[in-house]
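Undergrad: Okay, here's the structure, questions in a sec.
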Amino acid sequence: MEINKNITKNIKLIATDLDGTLLLPDKTLSAANKAALTWAAEEKGIYIAIATGRPYFGIRKLLEWLPCVRYAVLSNGAVVQDTWTGEIIAKQLMKTEDALAFYDYAVSQNLTVDFFDQGERFVPPNWKEAVALMEASEGTKQLLVSNCTITKDQRARLAAAQGIEKISVRFRNGAQRNQFYSKFQEKFPHLKVSTSLATNIETTDQGITKETGLKNLASYLGLQMDEIMVFGDNENDREMIQAAGIGVVMGNASDEMKQIADKITRNNTEDGVAYMVQEVLGWQQESL
């Protein structure tokens, strides 16, 4: 799809998903992606933001690799934070009673649950064994077990929380996830039920998505949505891709996601973010 040149000249914020988008399968950052976003921030004065399903604890390594990242839309939009100052710009949490109902239903189906509270991931005692059984990349498995707090009584910890950022249910494979996806959507129509992996279902408070988080950030910065370029690859990126001035979907995304894109870039294994920064904004690297 051809993008209006006036829009490309007007981009003031780039927001990118992490897993399956900016990062490689082993959860590292390529030199090209780092160089392209650093150039956009330093040479073009463009704000760089992360828009991820992860909590704050799960992006700390990325912030070391990519210090030009100024803002983060976290937990699928539940929290928006200034990563340089720590200021919470916006926050909308699930009610504890809604989180408990979701948790109880998942556990009644013998499913494994983790949840985000105050920027951390809380997991059950059998977490490492459950993750080991998932059909996922080694990078994903390592990420899941390295950024978590094991909780002996997970339900009690959930009940004590003053609202929850996000809850995820984990499955062994995509086929098992698909058996439950519509069931969770039907049972919890008052919550935002989505997915970011073949092996998970996740939920936030009603109406909360990466788009709402991005709109809160745009309002804080005095920007319009058509001044934003976003990158994503999965279902939980859908709303922000459709709302942004330039919505870019990765080459490794599903055909369904590609249908909603303004632009389709290369795979995350092929520096897709850097390639599109080059095509749209004029960054130059001959090797791309």
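Undergrad: Counting just the residues of region 226-260 that are among the polar types (S, T, N, Q) and in contact (Cβ under 8 Å) with a residue 60 or more places away in the chain, which one comes out least open to solvent (accessible area, probe 1.4 Å)? Explain how you work it out, then say what you get.
TA: To start, the set of residues in region 226-260 that are among the polar types (S, T, N, Q) comprises 234, 236, 242, 252, 254, 259.
Of the ones still in play, those that are also in contact (Cβ under 8 Å) with a residue 60 or more places away in the chain are 234, 236, 252.
On the way: 234: 43, 236: 11, 252: 60 Å².
Step by step, filter region 226-260, then rank; the result is 236.
Undergrad: Can you pull out every residue in region 176-199 that is at pLDDT below 95 and of a type in the set (A, V, I, L, M, F, W, C)?
TA: Those that are at pLDDT below 95 and of a type in the set (A, V, I, L, M, F, W, C): 197, 198.
For (1) in contact (Cβ under 8 Å) with a residue 12 or more places away in the chain; (2) surrounded by 15 or more Cβ atoms within 10 Å (Cβ to Cβ); (3) among the acidic types (Asp, Glu); (4) in a helix (DSSP H, G or I), each residue gets a yes or a no:
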position	(1), (2), (3), (4)
175	no, no, no, yes
179	no, no, no, yes
183	no, no, no, yes
190	yes, no, no, no
197	yes, yes, no, no
206	yes, no, no, no
211	yes, yes, yes, yes
214	yes, yes, no, yes
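Undergrad: Could we say that residue 34 is in contact (Cβ under 8 Å) with a residue 60 or more places away in the chain and either open to solvent by 40 Å² or more (accessible area, probe 1.4 Å) or farther than 18 Å from residue 279 by Cβ (or both) here? Outline the logic, then answer.
TA: Values: in contact (Cβ under 8 Å) with a residue 60 or more places away in the chain: no; either open to solvent by 40 Å² or more (accessible area, probe 1.4 Å) or farther than 18 Å from residue 279 by Cβ (or both): yes.
No; evaluated as a whole, the condition is false for this residue.
Undergrad: With the structure loaded, tell me whether residue 12 is closer than 16 Å to residue 196 by Cα and either of a type in the set (Val, Ile, Thr) or open to solvent by 10 Å² or more (accessible area, probe 1.4 Å) (or both) or whether it fails that test. Give the derivation first.
TA: Values: closer than 16 Å to residue 196 by Cα: no; either of a type in the set (Val, Ile, Thr) or open to solvent by 10 Å² or more (accessible area, probe 1.4 Å) (or both): yes.
No: the conditions fail for residue 12.
Undergrad: Counting only residues that are open to solvent by 20 Å² or more (accessible area, probe 1.4 Å) and either at pLDDT 95 or above or out of contact with any Gly (no Cβ under 8 Å at 6 or more places or on another chain) (or both), how many does region 138-150 have? Don't jump to the end; show me each part of the working.
TA: Looking only at region 138-150, we keep the residues that are open to solvent by 20 Å² or more (accessible area, probe 1.4 Å), and these are 138, 141-143, 145-150.
Still in the list and also either at pLDDT 95 or above or out of contact with any Gly (no Cβ under 8 Å at 6 or more places or on another chain) (or both): 138, 141-142, 145-146, 148-150.
Residues in region 138-150 being open to solvent by 20 Å² or more (accessible area, probe 1.4 Å) and either at pLDDT 95 or above or out of contact with any Gly (no Cβ under 8 Å at 6 or more places or on another chain) (or both): 8 in total.
Undergrad: Looking at the structure I just gave you, is residue 128 of a type in the set (Lys, Arg), open to solvent by less than 70 Å² (accessible area, probe 1.4 Å) and not in a strand (DSSP E or B)?
TA: Numbers: of a type in the set (Lys, Arg): yes; open to solvent by less than 70 Å² (accessible area, probe 1.4 Å): no; not in a strand (DSSP E or B): yes.
In short, no.
Undergrad: Continuing with the same structure: Go over the candidates 65, 39 one by one and state the one that is surrounded by fewer than 23 Cβ atoms within 10 Å (Cβ to Cβ), among the aromatic types (Phe, Trp, Tyr), over 30 Å from residue 186 (Cβ atoms) and in contact with a Phe, Trp or Tyr (Cβ under 9 Å, 6 or more places away or on another chain).
TA: Working: 65 fails: in contact with a Phe, Trp or Tyr (Cβ under 9 Å, 6 or more places away or on another chain).
Result of the check over 65, 39: 39.
Undergrad: Polar (S, T, N, Q), surrounded by fewer than 21 Cβ atoms within 10 Å (Cβ to Cβ) and out of contact with any strand residue (DSSP E or B) (no Cβ under 8 Å at 6 or more places or on another chain): which single residue out of 154, 118 fits that description? Steps first, answer last, please.
TA: Numbers: 154 fails: out of contact with any strand residue (DSSP E or B) (no Cβ under 8 Å at 6 or more places or on another chain).
Just one listed residue meets the conditions, 118.
Undergrad: (1) under 22 Å from the mean Cα position of the chain (by Cα); (2) of a type outside the set (Gly, Ala, Ser); (3) more than 15 Å from residue 106 (Cα to Cα): which one isn't true of residue 151, the others all being true?
TA: Condition (1) is where residue 151 drops out.
Undergrad: Are there any pairs with C-beta distances below 9 angstrom linking a residue in region 52-70 that is farther than 16 Å from residue 141 by Cα and basic (Lys, Arg) to a residue that is open to solvent by 10 Å² or more (accessible area, probe 1.4 Å) and part of a helix (DSSP H, G or I), with the two at least 6 apart or on different chains, and if so which?
TA: Taking only residues 6 or more apart or on different chains, the pairs are 70/41.
Undergrad: Output yes when any residue across region 158-169 is surrounded by fewer than 14 Cβ atoms within 10 Å (Cβ to Cβ) and either of a type in the set (Gly, Ala, Ser) or modelled with pLDDT of 95 or more (or both), and no when none is. Explain how you work it out, then say what you get.
TA: Looking only at region 158-169, we keep the residues that are surrounded by fewer than 14 Cβ atoms within 10 Å (Cβ to Cβ), and these are 159-160, 162.
Narrowing further to those that are either of a type in the set (Gly, Ala, Ser) or modelled with pLDDT of 95 or more (or both): 159-160.
Yes, there is a match, as at least one residue in region 158-169 is surrounded by fewer than 14 Cβ atoms within 10 Å (Cβ to Cβ) and either of a type in the set (Gly, Ala, Ser) or modelled with pLDDT of 95 or more (or both).
Undergrad: State whether the residues of region 269-278 include one that is on the phi > 0 side of the Ramachandran plot, in contact (Cβ under 8 Å) with a residue 12 or more places away in the chain, assigned to a loop (DSSP other than H, G, I, E, B) and open to solvent by less than 40 Å² (accessible area, probe 1.4 Å).
TA: First, the residues of region 269-278 that are on the phi > 0 side of the Ramachandran plot: 271.
Filter once more, so that each one left must be in contact (Cβ under 8 Å) with a residue 12 or more places away in the chain: 271.
Of the ones still in play, those that are also assigned to a loop (DSSP other than H, G, I, E, B) are 271.
From what is left, the residues that are open to solvent by less than 40 Å² (accessible area, probe 1.4 Å) are 271.
Yes, region 269-278 contains a residue that is on the phi > 0 side of the Ramachandran plot, in contact (Cβ under 8 Å) with a residue 12 or more places away in the chain, assigned to a loop (DSSP other than H, G, I, E, B) and open to solvent by less than 40 Å² (accessible area, probe 1.4 Å).
The values are calculated or read from the model by the stated rules, or taken from the named source; none is laboratory data. Keep in mind it's a predicted model, so treat the numbers as computed, not measured. Quick reminder, even Gly has a Cβ in these numbers, built from the backbone with ideal geometry, and neighbours come from all protein chains shown. With ligands, DNA and RNA removed, areas are computed over all heavy atoms of the protein, side chains included. Shrake-Rupley method; radii C 1.70, N 1.55, O 1.52, S 1.80 Å.
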